[in-house]
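Remarks on the structure that follows.
No lab work stands behind these numbers, since they all come straight from the coordinates. Keep in mind that this is a model prediction, so the values were computed, not measured. Cβ placement follows ideal geometry from the backbone for every residue including glycine, while neighbour counts extend to all protein chains displayed.
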Amino acid sequence: MCRIGAIKSKKYLHPSIALKLMRSQQKGHDNSGFAFVMQDLGGIFNAHKDLPTLSLAATVEGTRRAEDILHDLGFTRVLQWAPEINHQKSLKIEPMPNYVFETFQYPKSHKYATQEEKEELLIDTALLLRKELEKDNSGYVYSFWPDVLTLKEIGSPKDIGTYFGLWEENEELCAKVITAQCRQNTNYDIVRYAAHPFFLDGYTILANGENTFFEKNRDYQRSLYKGYIGFESDSQCFLYTLHYINKILKWPIQYYKHTITPLPFEEIEARQDKDILLRIKASLSHLEINGPNTIFGVLPNGEMLCVCDSKKLRPVVIGQDDDTVIMTSEVTGINDIMPGRDIAKDIYPNEKETIIVKNDLTVERWKQ
Amino acid sequence: MEAVNITNLNLDDLPWIIEYDESKCIQCGKCTAVCSFGAIKPDVETRRELSNGLKKPSFHKVLVIKQKVSYTHHCRGCGMCSRVCPNGAIKAVRNPNDRYSVRYRAAKAESLKKGGRSNLNTEGRTLDKIKIGRISQMTDPSLDAARHKFELRTPFGRILSAEKLNLHLENNNMELSTKLPPNRWIYPILMGDMSIGAVSWRMWEAMAIATAYLNEVMGLPVRMCTGEGGIPIRLLKSKYVKYMILQIASGHFGWNRIIQSMPDMIEDPAGILIKIGQGAKPGDGGLLMASKVAKYVQEIRGVPKADLLSPPTHQGLYSIEESVQKMFLSMNAAFNFKVPVAIKVAASVTSVSVYNNLLRDPYNIVGGFFIDGLAGGTGAAHEISLDHTGHPITSKLRDCYLAAVHQGRQGEIPLFAGGGLGQTGSFAADAFKLICLGANGVFTGRLLLEIAGCVGNDTGKCNSCNTGLCPAGIATQDLCLTKRLDIDSAAQNIVNYFIATDMELKKLMGPIGNSTLPIGRSDALITVDKHISNRLDIQYAC
């Protein structure tokens, strides 16, 4: 069973906090990888928050091809940053040759484009890059989006931290929202794309659990949107359903829970909105999930989300102080990095709740 | 040399031979009285007593039970005689040298008719070669079938994709903007599809009572289909009609009374099923022999006493588009677009084409696709149809589901599969596997008859529903024979079977960790047969 963490703060935080959050929860994962997504970036990326940043792990040839493709599309680079690598033979890590974090100016053709048109361009470009680099496994495109930075690697989380120098706090690399997981997907092949968190079109998802309706979800999602691809992990389905409900269908976020874990019939029958809920249950039955799950998400507006499976079969706790809210699998992680908080304010969500962490850090608890 | 007429029907031509033990017989007469086919009779035989040659041979007469050698009064192997014999003096034994079907055609110049089921070799059933092989153990827990809550409900009625629901926002809540096709959540096992006429009114009533009990007392929303033979007016005008799916087939039997009663109905029926074809005899219409057209059958159907043949096709419907426009639209309109209208077809190489056409119909008015496999039952059919036409259900159900998946339209027209389910004993397992392969639900008819006491089987035992002489009182309208069926016991047995099946379905859902129906979850299945693995796209295991 893996452990997950999500941090939202009023202050810019270094990703070392994510490593520390997950360290004491290590017994629950197998040290097969570490991945994080940083959003609402500070440090050197703060100056270009409106421009897309490419997060890429690739070979030399893969990096060159990715840059050529972007160049051909009219993107121009405005910023490049690479982590300082500490090569040590003893580190348990299977690194890619290059880690590229580059921010680009939009093509001139998109100078007067609407926000929607720009987003469409970024999604198409990310899909194209992935497709091209997949041909010879020369690289992995994790995200290409404004104000978002993603790193995923195979190996021991501690050693990955050392390799990338992530244990040392600095002001170059920081963000107000960090989501992280210290484990590769172990149900299927260990591949970089299978590591949580997953990112698409402004939405981030990471999960602790098992989606036993994976096949149903996948078979349906494949036809819903061009960006629903990969399926290296059964948890990607949670991301695609969130995106479909909120972005494509434009339904309010409370209907995410109604879609993935619909209420039992006897409860629906007693509700005023039963007609709507029964229609959702019928029309989106192939997006229903089953099995044990805790799901964390980040929405395009920066708000954080937490929902659980309908039987609450996986752990989750939410701790908070004046500056920061942390969601994670086990309370030991929060105790480590937020020892002085008021533990009476800790929240242990139940199976019917949707937790939303607003941008002012107020925590809302919605009952399904 | 003794002359013998070898073209006559002979005892050893018959499919079943009566074995009679004179020494055990007490001449009570029960066996001859019980035999509904009149296949045995009391008779007198002469016996010669052996002598030592000094005396003249002596003869005496003995009373015996003798089998008739007849095209109409031959033994069907139902075994009623041995059931009533107090001493086990008589039984029917299968004749391995049976030549009856050759003799019958040669003598009568007509096609051989049968009832019940075809002579199927059930050892090779596809469903029996599939196991539920994906067991939740560590990362995802299996569920406790006795303690966890399970939801065994499936939608019946046309389902629109989320984009087409046309919802609008009001105060951050969604509201319906337009009227949507009727949709009901029902139990995934439907019963019936057998008419009053094909089965006795007592059998039909037992099923209707069981349906009402399962709904009202057990809380299982089981739906029963009337079959093409109408429905009693009293039931039609009662609240219980909401559990009934009214069937219309090419004969339109019973619909005159249904339409006339509509103003007085206090509830909508559960649905309408337009029967286009039947798995046991695809391409052939319904057949009710005159011997079963009792007075009340005449009244319900509005017909004289005669052989009742439904045409093989619905007259006037020459395309799928036509059927959608004429029949589905008119049936929807008849019930004010508040009742799901579904279609039942025989499984066929062409089933996917029909399903695709219905999926793409712009009116969204087809609310269910029932596919009937070749192992299904029938009241009466020509043996040639029964034994040699049809398509197995499993691959065809899978084809239809995957065709919908290919278009991203799975679930829009719910799929229901039937035809020979439970043949080898485990109905819940068959139902579960078909659900994993993509069925929203399953339907069964013949199994209900077996629950009520039908003695036939898939290897030629009895299967004489066409004769109107059903020894179990199930497929007959003979007043004496129908008395053999106790309505309340039959209803109780059906209810019990559903309760057991419900429990068994949960015992299969628990291990794969699902609390709702795993419709289309074929990753839960494995097969030990490579061909089945390839054909159904499920994992091969060995």
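Per-structure values
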| quantity | calculated |
| --- | --- |
| Among A:ILE205, A:ILE248, A:ILE334: highest mean-square fluctuation, GNM of chain A, C-alpha pairs under 10 Å | A:ILE248 |
| Computed Rg/Rh of segment A:30-70, alpha carbon atoms with Kirkwood Rh | 1.07 |
| Nitroxide proxy distance, nm - points 7 Å out along Cα→Cβ at B:LYS338 and B:HIS168 | 2.5 nm |
| HN-Hα J in Hz across segment B:506-511 - Karplus 6.51, -1.76, 1.60, θ = phi - 60°, x for Gly and Pro | 5, 5, 8, 6, x, x |
| Relative contact order (%) - chain B, alpha-carbon pairs under 8 angstrom, separation at least six | 19 percent |
| Computed label-point distance, nm, for sites B:SER161 and B:LYS507 using a 7 Å Cα→Cβ extension | 4.1 nm |
| Per-pair calculated FRET efficiency, R0 = 30 Å: A:GLU171 and A:ASP321 via Cβ, rounded to 0.05 | 0.90 |
| Largest-first principal axis extents, alpha carbons of segment B:391-542, Å | 54, 35, 31 |
| Number of partner chain Cβ atoms within 10 Å, mean per residue of A:287-297 | 3 |
| Sites B:SER177 and B:GLU321 - FRET efficiency at Förster radius 45 Å, r taken between beta-carbons, to 0.05 | 0.95 |
| Interchain or long-range residues, amide H under 5 Å from B:VAL64's placed H | B:ASP43, B:VAL44, B:GLU45 |
| Linear extension gain, A:VAL191 paired with A:LEU128, 0.36 nm per residue minus alpha-carbon span | 20.8 nm |
| Sparsely packed trypsin sites (Lys or Arg not before Pro) within segment B:159-235, loop by DSSP, other Cβ within 10 Å at most 12 | B:LYS179 |
| Under Karplus coefficients 6.51, -1.76 and 1.60, residue-wise ³J(HN,Hα) of segment A:194-205 in Hz, glycine/proline x | 7, 7, 6, x, 9, 10, 7, 6, x, 9, 10, 9 |
| R0 of 41 Å, Cβ-Cβ distance A:ALA82-A:GLU266: FRET efficiency to nearest 0.05 | 0.15 |
| Per DSSP, loop trypsin sites (Lys or Arg not before Pro) in segment B:326-415 with at most 13 further Cβ within 10 Å | B:LYS338, B:ARG360 |
| For residues of B:165-176, the mean tally of beta carbons on other chains within 10 Å | 4 |
| Per-q log10 I(q)/I(0), chain A, q = 0.09, 0.12 Å⁻¹ (Debye; single scatterer per alpha-carbon; no solvent) | -0.48, -0.87 |
| For segment B:11-110, convex hull of alpha carbons as volume per residue, Å³ | 130 Å³ |
| ³J(HN,Hα), Karplus 6.51/-1.76/1.60, whole Hz, each residue of segment B:466-481, x for Gly, Pro | 5, 7, x, 10, 3, x, 9, x, 9, 9, 8, 10, 5, 4, 5, 5 |
| Segment B:ILE135-B:ARG99, length gained on full extension (0.36 nm per residue, minus Cα span) | 8.0 nm |
| Segment B:1-88: GluC sites (Glu not before Pro) falling in loop per DSSP and having at most 12 other Cβ within 10 Å | B:GLU2 |
| All lysines inside 18 Å of B:LYS179 as judged from Cα atoms, apart from same-chain residues fewer than 8 positions distant | A:LYS274, A:LYS281, B:LYS164, B:LYS338 |
| Cα-based radius of gyration of the protein assembly as shown once divided by 2.2 N^0.38 Å, which approximates compact folds | 1.19 |
| Pairwise label distance in nanometres, B:ASN5 with B:LYS483, each label 7 Å out on the Cα-Cβ vector | 3.8 nm |
